[in-house]
1. Can you give me the distance in nm between label points at LYS340 and GLU522, each placed 7 Å from the Cα along the Cα-to-Cβ direction?
2. List the residues whose amide H sits under 5 Å from the amide H of LEU347, counting only those 5 or more places along or on another chain, with H placed 1.01 Å from N in the peptide plane.
3. When only C-alpha pairs under 8 Å and at least 6 residues apart count, what is the relative contact order of the stretch 436-519, in percent?
4. Using the scaling law 2.2 N^0.38 Å as the reference, what is the normalised Cα Rg of the stretch 61-162?
5. Under a 5 Å amide H to amide H cut-off, with H placed in plane at 1.01 Å, what residues pair with HIS208 once short-range neighbours are removed?
6. Suppose each label sits 7 Å from its Cα in the direction of the beta carbon; what would the LYS618-ASN309 distance come out to in nanometres?
7. Taking H as built 1.01 Å from N, whose amide H comes closer than 5 Å to the amide H of ASP385, not counting residues under 5 places away?
8. R0 = 51 Å: FRET efficiency of LEU586 with LYS244, Cβ-based, nearest 0.05?
Amino acid sequence: MAVELSPHIHKLPAKVGKPDFATDNAQFFHPRIDAPPRLRSKEKTMKDTIRQLIQQALTQLVNEGVLPEGLSPAIQVENARDKTHGDFASNIAMMLAKPAGMKPRDLAEKIIAALPADENVTKAEIAGPGFINFFQNTQALANRLEAALADEHLGVRKAGPVQRTVIDLSAPNLAKEMHVGHLRSTIIGDGVARVLEFLGDEVIRQNHVGDWGTQFGMLMAYLQENPITSDELSDLENFYRAAKQRFDESEEFADLARGLVVKLQAGDAECLGLWTKFKDISLSHCQKIYELLNVKLTMADVMGESAYNDDLINVVNDLKAAGMLVESNGAQCVFLDEFKNADGDPLPVIIVKADGGYLYATTDLAAVRYRSGTLKADRALYFVDQRQALHFQQVFAVARKAGFVTHPMEMEHMGFGTMNGADGRPFKTRDGGTVKLVDLLIEAEDRAFKLVQEKNPDLPVEALKEIAKVVGIDSVKYADLSKHRASDYSFNFDLMLNFEGNTAPYLLYAYTRAAGVFRKLEKDFSEVQGQIVLEAELEQELGTKLAQFGEVLNGVAEKGTPHILCTYLYDLASLFSSFYENCPILKAETPDQMQSRLRLTELTRRTLKQGLELLGLKVLEQM
Ligand code: ARG
């Protein structure tokens, strides 16, 4: 049985490193941040209320001797699927039946009898083998919705403690232009960052770009031969190809490239100049994509591999001092018992290659130390391809063992699957090359243009273009974000650009409908009086869904899974459509009813807008 008492216990890392062992070598990278994240009151949802009621009932049953002492179960409360049997359900009686030595239904009866009265709950009853179903008070629900309407955060609070959270996202290797493989890390990471920020976390975005390594010698050599400006270098891909061609065909050029790498690593000023120039051009390419994608990343968030160069020697020395480095075939490695190959032999984490070069893992170790020791993050989330899972397990384990995690910091690899083509095979151009992200996004806009033109043949081209931009980009992002990040998915323009189903166009349309109500009313919501009264069943269902926004966002924050929010918004939009079509708003029967429905519409509109914004999607007032 789980021993969690509170549903939102803040997990501390298994081991907290010794404070003094790892020095703050990395602190020259970034100003030290010492202020604690600002505090906000915690969210109390209907589920929390019910959990507390159950907890009180259990305590009473322990006092009465019905239940043994020392039980501290994690009390689970779920949203009921069939509203005729209640709004929430708990399996607590079934979980405790065995230790209590009772039949689940008998225990359920005792728990129900011991439940304290609460204004939010009208009744509780036994269902099936021993579930307890709870019926919420619709007036209490309506009050919650009013409170959400009156709050700029829609009544949403973080369930757990407010934290300082590092989000490792995007992180392309700068030698080439961003391609489709970079989409997922960029937008999933951005979505989760936005949600955490909304919940009050202090989010620090870290764009760990690959800006170091031997391939840069080739690019620098080419830049030296062909002094070009960023405007001229519009196509990085061609630049890379041309440099590679020179490298392959000319021994002289190859020597020049190799020599530049050596000089660069030695800190030669001219080489650093060329490298910086290349990096700037390359990053400005990324920046354009981020803007196109409506992703909140700026140059200030770039903390590339090269930023850790000077600290790598310290990583090595500290590992050595900790007695963790072992030489194997000339390389310096760490072996951990928990990582073995198929034959049961320990797997090495290579820290320094036989030729003296450092590795990807070495840099990530320095980054862990910086994020914990200097940034003082409580949590670090890595949005990186699932195929790097072993790498992160190893890095996290080595970092903990070496005491690099000086400030208690949770580290989680938020892995994601591959984006395939519509045929389910890896996404490629016709001739088998990688697809540039910018090309994909332009095609999305073109296709969206045709779609909106079909729907609005009379709109001027300029207006259509503006709409198409939003619809096209939103569709690409939403199609990705709405899948569980851990699974692979097939990229399919036809499916994502559809007004039916769980798509961006469907949600955008639902939003314009809600916004359209106030246009037709010709009044601003601030002029709407009255209060929410949940009469019709569709109103109650919509109201119940609206009240779940907070727990959904907390789920995204905890698990790093924006698809939960997508599913929620889709359900919300569907319920709103039913409400809109079946419960007359502007032609309501009484002024009170009209006001109540306008208020529900406004809360839906704001929730949809906020939810879409947290996914990094733009909305349209009309389409
Ligand atoms: N540049 C790497 C790649 O393209 C991703 C870096 C992810 N972040 C990290 N801290 N390792 O695979």
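Computed from the coordinates by the stated procedures, all read-outs in this text should not be read as laboratory data. Just so it is clear, the model here is predicted, and its values are computed rather than measured. FYI the Cβ positions are ideal-geometry reconstructions off the backbone, even for glycines, and counts take in every protein chain you see.
1. 7.9
2. Here LEU336, PHE339, LYS340, ASN341 satisfy the definition.
3. Reported relative contact order: 25 percent.
4. 1.26
5. Answer set, sorted by chain and number: LEU169, ALA171, MET303.
6. In this crude label model, LYS618 to ASN309 measures out at 3.8 nm.
7. Hits under the 5 Å cutoff: PHE416.
8. Details: r = 64 Å, r/R0 = 1.26.
My answer for the efficiency is 0.20.
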